[in-house]
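Enquirer: Below is one structure. I have some questions about it.
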Amino acid sequence: MRNNFCAFLLLFAINALALTEQEFIEKVISQDTNFEKDQIYVTIKQMELETSRASYSNWATALTASLSSSYYDIEKDTTSKKAYEKHRLKDTQEISVGIKKRFLSNPSSLTLKATHSIPDTDITRYKQDKISNEYNVTTSDNTYKVSYKYPLLQHDGNALSLKTYRRDVLDLEREMLDFSDAQEKFLVGRLKQYIAWNFHQKNADIYRDYKSRLQAIKVNEAIDESKLNTAILLANQDILSNDSKLQSLKKVLVSMLNDSSLWTKSPNIDINKHPEIMPNLTQYLQKNVRNLLKIEIDKRLKKIDLEYHNNQSLYQLDFNISAEVNNNKGNTMTTDYKSTSVLYTTRLNFSMPIGTDINNKKNIRITHLNLRKLDIDYNNKLKDIFSDAQALIVELHLAKKSLNEYQKLITNVNDESNLAHTSYLNKSVPITTLIDAYQEKCDVELDYIKALTSYQKSLLKYNDKLDKVLPKSASLHSY
């Protein structure tokens with residue numbers, strides 16, 4: 001009962017110190033300082049996008065005010081006895097608030113404007129060369145106007161701002177893909193070390209098991225003592241050499257991940273991992289591989305440029321509609337008045353340049369050529385990744401078959417070492433036979449770990465090729 005309890009405690013301790021691949025990945029991804037520079041690039045792009053969106057589509061408000069004064073005088077020599085205006089002093093106060101809104105989905109604009117003005121005029125009238133009368137005219141105007149403009153062909157001067165916003169949307173998306181690339185590149189580098197850590201750790205277990213088996217041998221004859229000691233000495237050298245590499249690797253990981261707990265842990269890789277085979281590999285690559293997605297974004301950026309240049313080569317045809325309400329009151333020389341008027345206006349403005357914009361035409365041709373280059377790059381990259389992935393699938397399939405054969409071989413050499421041990425106890429074989437059986441068992445187990453490590457590296461390479469190493473939960477898109 002006590003032995004069972006001790007075995008349970010030992011198993012619990014081993015499991016507690018085991019570090020699974022998923023736990024290791026989480027430790028790596030949590031090292032934000034390694035991606036701080038890339039995060040800054042993303043933040044800059046976010047700021048640029050927010051600024052271009054705000055500058056183009058936010059409600060733009062303008063407050064204007066004016067004071068003006070004018071004096072009019074005329075020298076007139078006439079025989080007419082009709083009164084005419086000799087002097088006019090006009091003071092005007094005006095204040096207006098205008099709000100303009102542009103839309104991200106189209107190049108139209110909406111304007112709202114309210115104006116309040118108070119013209120005050122003193123008028124002096126003459127008949128021939130004498131004053132006829134003097135009077136004051138005071139007017140109060142409140143005008144409210146809403147207008148909407150939609151460019152049917154060539155967009156107006158704000159087209160460049162709209163293009164900037166649309167490019168900034170894609171620039172941010174591309175920068176986020178670059179950020180994920182940086183994370184995955186860092187993660188792949190650490191996972192290679194994790195696999196190497198597992199390799200040396202498993203080797204250490206095999207070497208120590210081999211040494212323990214040797215130390216458990218009871219020498220039947222004095223001459224066998226030196227043979228056994230030599231084998232143990234060689235085993236110690238293998239242990240020391242392997243431990244040196246293991247400790248050096250762990251030191252790097254502890255420093256890189258800033259986690260001293262790794263000193264007391266051991267990796268625990270699932271040996272039954274296998275590649276995920278996609279039913280439609282081409283479609284998967286097009287939708288998930290970041291190198292291809294970034295080329296697609298580059299193509300979309302060029303198409304935005306092309307759309308802009310094509311649009312700027314069109315004629316101008318603007319549709320305008322507006323409604324205006326005016327509340328007006330004031331006086332003339334003899335009467336007071338008050339009125340409210342409404343004005344509706346619909347207008348089409350057409351403008352056609354004479355000649356061709358040579359620079360714009362050049363930009364269109366260059367953009368078409370750049371799009372063609374990107375198409376070629378995309379197709380070549382897709383072919384390369386597809387062929388590499390297919391080759392890795394074949395390689396992994398063959399490696400898996402080899403690992404299955406190794407497992408059968410391990411069972412055989414284990415049986416042979418047990419048989420050699422029984423035969424040695426019966427004194428039917430010399431100690432060298434038993435040492436050789438233990439050595440062969442150790443060598444086969446080491447070869448298996450080497451083959452397993454090669455398989456794990458190839459699997460990592462396959463997942464990296466398909467951008468499957470970085471967990472989706474770690475992607476910046478989920479922020």
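The values are calculated or read from the model by the stated rules, or taken from the named source; none is laboratory data. Not measured: the values here are computed from a predicted model. No Cβ is skipped: glycine too gets one built from the backbone with ideal geometry, and neighbour counts run over all protein chains shown. Please note that ligands, DNA and RNA were not included when accessible areas were found on the heavy atoms of the full protein model with its side chains. Shrake-Rupley method; radii C 1.70, N 1.55, O 1.52, S 1.80 Å.
Enquirer: Among Val169, His155, Tyr315, pick out the residue whose Cα is farthest towards the positive end of the charge dipole of the chain, where Lys and Arg carry +1 and Asp and Glu carry -1 on C-beta, about the Cα centre.
Expert: Tyr315
Enquirer: I've got another one for you. Going Cα to Cα from Lys227, which aspartates and glutamates come in below 15 Å? Please leave out same-chain ones fewer than 8 positions away.
Expert: The reachable aspartates and glutamates, counting only those whose Cα sits under 15 Å from Lys227, are Asp436.
Enquirer: Residue by residue, what Karplus-based ³J(HN,Hα) values in Hz, rounded to whole numbers, does the range 74-90 have, using 6.51, -1.76 and 1.60 with θ = phi - 60° and x for Gly and Pro?
Expert: 9, 9, 9, 10, 9, 8, 5, 9, 7, 5, 9, 7, 9, 10, 9, 10, 10
Enquirer: Using a 1.4 Å probe and counting only protein heavy atoms, arrange Glu23, Glu175 so the residue with the most accessible area comes first.
Expert: So the residues, ranked largest to smallest area, are Glu23, Glu175.
Enquirer: ³J(HN,Hα) across the range 224-234 via Karplus (A = 6.51, B = -1.76, C = 1.60, θ = phi - 60°), whole Hz, x for Gly/Pro?
Expert: Whole-Hz 3J(HN,Hα) from phi for the range 224-234: 7, 4, 5, 5, 5, 4, 5, 5, 5, 4, 5.
Enquirer: Return the aspartates and glutamates within reach of Lys86: Cα separation strictly under 18 angstrom, same-chain partners fewer than 8 residues apart disregarded; answer none if there are no such residues.
Expert: Excluding near neighbours in sequence, the set is Asp73, Glu75, Asp77, Asp120, Asp122, Asp129, Glu134.
Enquirer: With all protein chains present and a 1.4 Å probe, how do Tyr71, Tyr144, Tyr165 order by accessible area, largest first?
Expert: Tyr71, Tyr144, Tyr165
Enquirer: Going down the table (Lys400/Lys457; Lys251/Lys461; Lys113/Lys338), which pairs top 19 Å between alpha carbons?
Expert: Lys251/Lys461; Lys113/Lys338
Enquirer: Only helical DSSP H runs with n ≥ 4 go in: add -39500 (n - 2.57) per run for the chain, normalise by residue count and round the 222 nm mean residue ellipticity to 500 deg cm²/dmol.
Expert: -20500 deg cm²/dmol
Enquirer: Please give the Cα centre distance for the range 434-470 versus the range 273-333, rounded to the nearest Å.
Expert: 50
Enquirer: Of all trypsin sites (Lys or Arg not before Pro) in the range 386-443, which ones are in loop regions per DSSP and have a Cβ with at most 14 other Cβ atoms within 10 Å?
Expert: Lys427
Enquirer: May I pose another question? Amide H of Ser108: which non-local residues (sequence gap of 5 or more, or other chain) have their own amide H closer than 5 Å, using H built in the peptide plane?
Expert: Close amide H contacts, sequence-distant or interchain: Phe103.
Enquirer: Counting only C-alpha contacts under 8 Å and six or more residues apart, can you give the relative contact order of the chain as a whole percent?
Expert: The value is 18 percent.
Enquirer: With every protein chain left in place and a probe of 1.4 Å, what is the accessible surface of Ser140, to the nearest 10 Å²?
Expert: Roll a 1.4 Å probe over it and Ser140 shows about 30 Å².
Enquirer: Between Asn328 and Ser387, what is the label-to-label distance in nm when each label sits 7 Å out along the Cα-to-Cβ direction?
Expert: A separation of 8.0 nm, rounded to one decimal place.
Enquirer: Of Thr433, Thr335, Tyr144, whose Cα points farthest to the positive end of the dipole of the chain (charges on the beta-carbon: +1 Lys, Arg; -1 Asp, Glu; origin at the Cα centre)?
Expert: So the residue furthest toward the plus end is Thr335.
Enquirer: Another question about this same structure. Where does each of Glu445, Glu276 land when they are ordered by accessible area, with a 1.4 Å probe and the largest first?
Expert: Correct descending sequence by accessible area is Glu276, Glu445.
Enquirer: Which three extents, in angstrom, do the Cα atoms of the range 234-277 have along their principal axes, listed largest first?
Expert: 43, 32, 15
Enquirer: Just how much of Lys76 is accessible, in Å², when a 1.4 Å probe is used and the result is rounded to the nearest 10?
Expert: Only protein atoms counted, so the area is about 100 Å².
Enquirer: Please list, ordered by chain and number, the residues whose modelled amide H lies under 5 Å from the amide H of Lys86; skip anything fewer than 5 residues away on the same chain.
Expert: So Lys86 has HN proximity to Thr124, Arg125, Tyr126.
Enquirer: Compute the relative contact order of the range 110-211 as a whole-number percentage, counting only Cα pairs closer than 8 Å that sit 6 or more residues apart in sequence.
Expert: 21
Enquirer: If the only charges are +1 at each Lys and Arg Cβ and -1 at each Asp and Glu Cβ, what is the size of the charge dipole of the chain around the Cα centre, to the nearest 20 debye?
Expert: 1300
Enquirer: Is there a quick way to get the dipole size of the range 337-479? I mean about its Cα centre, with the Cβ of Lys and Arg at +1 and of Asp and Glu at -1; what is the value in debye to the nearest 20?
Expert: 1500
Enquirer: So what are the ³J(HN,Hα) numbers for the range 28-33, from phi and the Karplus equation (6.51, -1.76, 1.60; θ = phi - 60°), rounded to whole Hz, Gly and Pro as x?
Expert: Per-residue couplings from phi come out as 5, 5, 6, 7, 4, 4 Hz.
Enquirer: Considering only protein heavy atoms, what is the solvent-accessible area of Lys100 at a probe of 1.4 Å, reported in Å² to the nearest 10?
Expert: In the full protein context, Lys100 sits at about 70 Å².
Enquirer: Another question, then. Using alpha-carbon pairs under 8 Å, 6+ residues apart, how would you state the relative contact order of the range 275-425 in percent?
Expert: Relative CO of the range 275-425 lands at 27 percent.
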